[in-house]
Amino acid sequence: MIRVLVEAKSAITRAGLETVVRGDPRFEVVGEGYRDGDVLRAVREYAPEVLLLDSSSAALPQSLRAVLHQPGAPAIVLLVAKLMRAELRHALQAGMGAILPGDSAPREIFAALEAAAAGLTAVSPE
């Protein structure tokens, strides 16, 4: 079972993503990110294999860069509102595991979670 931490600014989005992930027996939601945005603290507390993050853009905030550089860091699957080629390139170079549009189907999210957990990189064909 792949341990997943869900992070989203919107409580509704976070609840929806948790429900989707919990609906597949391959995944275990180990927690949700903190409302204060301290992703690094949530990663340390829950020790997920994959961080599923809903974001408005693929630009990496400093807190995510810190997560990526921690020993035993989780893979990150990023859901973004708009896929911008330059942002995608920078996010992938920084070590992002997967980048998908925010309106991705559950099967696409599941595939990205599995790929990222296996150390692969997944990007939406868009």
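The values are calculated or read from the model by the stated rules, or taken from the named source; none is laboratory data. Keep in mind it's a predicted model, so treat the numbers as computed, not measured. Neighbour counts are summed over all protein chains in view; Cβ atoms, including those assigned to glycine, are modelled from backbone coordinates with ideal geometry. For the accessible areas, the whole protein counts, side chains as well, though only heavy atoms, and no ligand, DNA or RNA atoms are used. Shrake-Rupley method; radii C 1.70, N 1.55, O 1.52, S 1.80 Å.
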Quick one: count up the residues across segment 103-126 that are of a type outside the set (V, I, T) and part of a helix (DSSP H, G or I). 11
Please specify each residue of segment 77-99 satisfying the condition of being within 21 Å of G33 (Cβ to Cβ) and buried (at least 16 other Cβ atoms within 10 Å of the Cβ). V77, L78, L79, V80, E87, A91, G95, M96, G97, A98, I99
Taking the residues in segment 13-52 that are among the aliphatic types (A, V, I, L, M) and at pLDDT below 90 as candidates, determine which candidate is nearest to P101 (Cα to Cα). V39
Subset of segment 16-33 that is open to solvent by 50 Å² or more (accessible area, probe 1.4 Å) and either among the aliphatic types (A, V, I, L, M) or in contact with an Asp or Glu (Cβ under 9 Å, 6 or more places away or on another chain) (or both) - its residue that is farthest from A73 (Cα to Cα): R22
Within segment 100-119, identify whether any single residue is farther than 20 Å from E18 by Cα, open to solvent by 30 Å² or more (accessible area, probe 1.4 Å) and not basic (K, R), and answer yes or no. yes
Is it true that some residue in segment 79-94 is modelled with pLDDT of 75 or more, among the polar types (S, T, N, Q) and assigned to a helix (DSSP H, G or I)? yes
Can you pull out every residue in segment 1-15 that is in a loop (DSSP other than H, G, I, E, B), among the aliphatic types (A, V, I, L, M) and open to solvent by 30 Å² or more (accessible area, probe 1.4 Å)? M1
Would you be able to tell me the number of residues in segment 67-76 that are farther than 26 Å from G23 by Cα and surrounded by 14 or more Cβ atoms within 10 Å (Cβ to Cβ)? 2
Considering only residues that are farther than 19 Å from A112 by Cα and either part of a strand (DSSP E or B) or open to solvent by less than 10 Å² (accessible area, probe 1.4 Å) (or both), which ones fall in segment 40-57? A42
